[in-house]
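Working notes for the structure below.
The values are calculated or read from the model by the stated rules, or taken from the named source; none is laboratory data. As the structure is a computational prediction, the values presented were derived from the model and not from experiment. Cβ: placed from backbone, ideal geometry, glycine included. Neighbour counts: every protein chain shown.
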Amino acid sequence: MSDGYYRDDPEGTVPWTDPPPVSDLEPDYLRAGVGVRSWLLTTDHKRIGLMFYVVIVFMLMLGGAFALVLRTELLTPERTVIDAGTYNRMFTLHGITMVWLFMIPSIPNSFGNFVLPIMLGAKDLAFPRLNLASFYVYCIGAAVTLGGMIVGGADTGWTFYAPYSSSTPSTVFPIVLGIFILGVSSIMTAVNFITTVHTLRARGMTWLRMPLFAWTIYATSIILLLATPVLGLSVALVGADRIYRFGLFDPALGGDPVLFQHLFWFYSHPAVYIMILPAMGVVSETVCTFSRKAPASYLALAMSAIGIAFVGFLTWGHHMFVAGMSEFDAAVFGILSMFVAIFSAIKVFTWVATLRKGSVYFNTPMLYFFWFLFLFVFGGMTGVAVATQSLDVHWHDTYFVVAHFHFIMVGGTLTAFLSAAHYWFPKMFGRLYSERMGLLTSAGVFIGFVLTFLPQFLLGNAGMPRRYYSYPERYQWLNVLSTGGAWLLGGALLLTLVNLVVALRWGQVATGNPWGSRSLEWRTRRLPPKHNFDVPPDMRCGPYDYDRPLEEAPDA
Amino acid sequence: MRDPLAEQFEDLEKQASAARLGMWAFLGSEVLLFSGLFALYAGYRTMYPADFASAVAHDNVAIGTTNTFILLTSSLTVALAVHAIRAARARRAAGLLLASVALGLLFLVLKGFEYAEHFRQGIYPGDRYRFAELSGYGAKTFFTIYYVATGLHALHVTAGISVLGYLAWACRRGHYTPEYHMPLELGGLYWHLVDIVWIFLWPLLYLAHA
């Protein structure tokens, strides 16, 4: 083992002091206070993370329900269940719900909130009240957005391209207002996470001893902090146009619609990395824990996360290859976009190399890791393809692009989200889920997913445009496959939820560290107390030192 | 009085550095908010160079420059207030903060006069623009950006005035000591941001007409 991150610990001391006797212990975080009030006014990062988790899962179900209606509609070339206007609103709402209400906050605000401070050995985040405020601001933003959907809904697509978004008769204003508010919540969380990583690491927790999940959350927070304000500005300008016609992007008033796209994608492309980086963090944790090994290169995984965050800011132009951009600019943006693939490939090879000579445990989080690996590589490679100008002109605005970003977002982020949901389940709730059901539903998710989106690559390549309501009959068999896959995927996700909910009550009681992990969050009690540790941890070795014996912290 | 040390921190020094870092991070995001507008300005100025130059020349340099001096002075009084509280002179700090509040209000009043003058000439943002002297698309776009940028900045001035007003009141009530005056420091940082954004808006909107 040549990694340098525990080099300054030659004597190999085990970092644990004996905890105080059981009777003096603080109650665990679920029992630290009772009643609705103790939840709604809590500043405990674990409880806030849990509240986010519940709301976010609801949003996933909502966005999924929209998707199922869409897929059902596309079963036949003409009208199946809804009319064209409803269809346009429905895909807009699907996109908005999945992007802003589910995926952006998904892993950081639920699992990140819950485990990040524990991983760092901190008692809480740096600004616990700001954290709670961020949750309520999120709820307000979600309520305004959903309210806008109920009173009419927009038909612009989730991208709000001007000038259509300024002139469509559908309900745009409350939705962009809601997204603006959600952005405020994102920034609050980002400030909190960045400050926490800088100032609240435990004694001995050097930067290079942080778990990789903490690195990716840190990188994500930087993107959130710097990109979200630009989105806020662009949607605010669209929203303001609905009330008073500023027309900054309206050609009739001298505006340039392409400038809107530049501003919009300056956020929305990095937003893709907001979604995928935490996912990469999750799989970095699971692959190490279940291979019983330090990562093949800690530095490569940590630094490539920062690299993706940095390069991610320089690639937005590849969304506008056909929207009016010089060939030179397009080439520059195309090449910069491919840098992301280099950093991603570094990660993929490091994960695979980590498996080598490890003792690999095959369970649900690990199975999701394998799905992630496959789908992410597939989606990533098609990403390189669409970043190539000449190819993109053919595939632009077709189902090929839809399939590509679903492979990355759903195949990457959702599988990692599910991996995290199983991996940290025993720490969050103190019980074990049914492994057999977990593996089964995981396989269902994968098969359903591939069945849904693989045909869409073929559809797109054959020329079917995205967002169309009706299509020629020769596309039908692929659409039927895709719709069948979507229902399978939906069913498997529902079963996953049932499996986890059942385990909340009837699952086998877990120990504090059922996976034998070396990372700090597993070295707490079965359910961590409000301030996470009975004795403040003192890190004298790294989070992946599987070559040392595990001195398990006793269970309370 | 509440224990100034929050439970998640080991000592006050760490807490102070966390508070400062958090504020700087937030200010970083504010800078990006305005950067979007600066990007629009740059884009449209490239599209309509002549229109932009004549529209900039039409703006009232005297008021713009006076306002720059006003904001710079208000930043100075805020900095002096932080200095005063470190020397345990809370009443003096409160007075200085109130001076900044007054200067901030003066800034808004002058800005209001400027807006009123524009409206009289028919310079409205967006599609209600009807100023015959400068009728090109570029001038129209310039003034829309002008209104959006100065409007967004004025919102920040208003927020800053409220923050400084609260801080003056808290100073007066003796909430801050030479050891603990972090809110004052952070409020000061925010006011300096409001100032710095104007330092960029001033040349772009009033001076760059060559």
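With respect to the conditions (1) in contact with a Ser or Thr (Cβ under 8 Å, 6 or more places away or on another chain); (2) over 23 Å from B:Tyr115 (Cα atoms), B:Leu103 falls short on a single one, namely (2). Taking the criterion of being among the charged types (D, E, K, R) and within 23 Å of A:Gly49 (Cβ to Cβ), the residues of segment A:508-551 that qualify are A:Arg518, A:Glu521, A:Arg523, A:Arg525, A:Arg526, A:Lys530, A:Asp534.
Selection of first residues in segment A:400-417 that are free of Cβ contacts under 8 Å to residues at least 60 places away in the same chain and of second residues that are of a type in the set (Ser, Thr, Tyr), restricted to Cβ pairs under 6 Å at least 6 apart or on distinct chains, gives the following pairs, ordered by first then second residue: A:His404/A:Thr382.
Only one entry in A:Met381, A:Met437, A:Met428, A:Met366 is of a type outside the set (Gly, Ala, Ser) and within 19 Å of A:Val272 (Cα to Cα), namely A:Met381. Restricting segment A:238-260 to residues that are within 7 Å of another protein chain (Cβ to nearest Cβ) and of a type in the set (A, V, I, L, M, F, W, C), the residue that is farthest from B:Tyr147 (Cα to Cα) is A:Leu259.
Being over 16 Å from A:Ser166 (Cα atoms), surrounded by 23 or more Cβ atoms within 10 Å (Cβ to Cβ) and either within 12 Å of chain B (Cβ to nearest Cβ) or more than 20 Å from the chain's Cα centre (by Cα) (or both) is a property that does not hold for A:Thr216.
Only one of the numbered conditions (1) within 30 Å of A:Gly307 (Cα to Cα); (2) among the hydrophobic types (A, V, I, L, M, F, W, C); (3) within 14 Å of chain B (Cβ to nearest Cβ); (4) buried (at least 22 other Cβ atoms within 10 Å of the Cβ) is violated by A:Val184, and that is (4).
Residue pairs whose Cβ atoms lie under 6 Å apart, separated by 6 or more positions or on different chains, with the first residue in segment A:198-210 and farther than 18 Å from A:Ile222 by Cβ and the second modelled with pLDDT of 90 or more and part of a loop (DSSP other than H, G, I, E, B), are A:Ala202/A:Gly121; A:Met205/A:Gly121. Would you pick out the residues in segment A:126-169 that are in contact with a Pro (Cβ under 8 Å, 6 or more places away or on another chain) and either farther than 27 Å from A:His262 by Cβ or without any contact (Cβ under 8 Å) to a residue 40 or more places away in the chain (or both)? Answer for segment A:126-169, where residues must be in contact with a Pro (Cβ under 8 Å, 6 or more places away or on another chain) and either farther than 27 Å from A:His262 by Cβ or without any contact (Cβ under 8 Å) to a residue 40 or more places away in the chain (or both): A:Tyr138, A:Val144, A:Gly147, A:Gly148, A:Val151.
Please work out which one of (1) facing another protein chain (nearest Cβ under 7 Å); (2) buried (at least 18 other Cβ atoms within 10 Å of the Cβ); (3) in a loop (DSSP other than H, G, I, E, B) is the condition B:Ala6 fails and give its number. Of (1) facing another protein chain (nearest Cβ under 7 Å); (2) buried (at least 18 other Cβ atoms within 10 Å of the Cβ); (3) in a loop (DSSP other than H, G, I, E, B), only one is false for B:Ala6: (1). Checked against (1) more than 11 Å from every other protein chain (Cβ to nearest Cβ); (2) in a helix (DSSP H, G or I), A:Ser234 passes all but a single condition, namely (1). Only residues that are surrounded by fewer than 15 Cβ atoms within 10 Å (Cβ to Cβ) and small (Gly, Ala, Ser) were counted across segment A:32-59, and they come to 2. The helices (runs of 4 or more DSSP H) located wholly in segment A:52-167 that include 2 or more residues which are over 30 Å from A:Leu41 (Cβ atoms) occupy A:84-96, A:164-167.
For segment B:30-40, the condition holds for at least one residue, the condition being that it is within 14 Å of chain A (Cβ to nearest Cβ), under 30 Å from B:Tyr180 (Cβ atoms) and in a helix (DSSP H, G or I).
Counting only residues that are farther than 25 Å from A:Ile140 by Cα and without any contact (Cβ under 8 Å) to a residue 60 or more places away in the chain, segment A:177-197 holds 0 of them. Exactly one residue among B:Leu98, B:Leu110, B:Leu105 is within 18 Å of the chain's Cα centre (by Cα), in contact (Cβ under 8 Å) with a residue 40 or more places away in the chain and within 24 Å of B:Glu179 (Cα to Cα), and that residue is B:Leu98.
Exactly one residue out of B:Arg128, B:Arg120 is away from chain A (no Cβ under 14 Å), among the basic types (Lys, Arg) and more than 23 Å from B:Val101 (Cβ to Cβ), and it is B:Arg120. All but one of (1) assigned to a helix (DSSP H, G or I); (2) touching a Pro at 6+ places or on another chain (Cβ under 8 Å) hold for B:Phe52; which doesn't? Among (1) assigned to a helix (DSSP H, G or I); (2) touching a Pro at 6+ places or on another chain (Cβ under 8 Å), B:Phe52 violates only (2).
The listed residues are A:Arg474, A:Arg505, A:Arg467, and the only one of them that is more than 14 Å from every other protein chain (Cβ to nearest Cβ), in a helix (DSSP H, G or I), under 30 Å from A:Phe405 (Cα atoms) and among the basic types (Lys, Arg) turns out to be A:Arg474.
For segment B:77-94, the count of residues that are of a type in the set (S, T, N, Q), within 30 Å of A:Phe264 (Cβ to Cβ) and within 23 Å of the chain's Cα centre (by Cα) is zero. Inside segment B:134-174, residues that are more than 8 Å from every other protein chain (Cβ to nearest Cβ), touching a residue at least 40 places away in the same chain (Cβ under 8 Å) and either charged (D, E, K, R) or more than 14 Å from A:Gly254 (Cα to Cα) (or both) make up a count of 19. Within segment B:11-22, residues that are at the interface with another protein chain (Cβ under 7 Å from one of its Cβ atoms) have Cβ atoms under 7 Å from residues that are among the polar types (S, T, N, Q) and part of a helix (DSSP H, G or I) in these pairs: B:Lys14/A:Thr199; B:Ser17/A:Thr199; B:Ala18/A:Thr195; B:Ala18/A:Thr199; B:Leu21/A:Thr195; B:Leu21/A:Thr199; B:Gly22/A:Thr195, counting only partners at least 6 apart in sequence or on another chain.
Which residue out of B:Arg173, B:Arg128 is closer than 28 Å to B:Ala93 by Cβ, charged (D, E, K, R) and out of contact with any helix residue (DSSP H, G or I) (no Cβ under 8 Å at 6 or more places or on another chain)? Before you say what the answer is, go through the steps one by one.
Working: B:Arg128 fails: closer than 28 Å to B:Ala93 by Cβ.
It is B:Arg173.
If the condition is being surrounded by 14 or more Cβ atoms within 10 Å (Cβ to Cβ) and of a type in the set (A, V, I, L, M, F, W, C), then segment A:458-480 contributes A:Leu458, A:Leu459, A:Ala462, A:Met464, A:Leu478, A:Val480.
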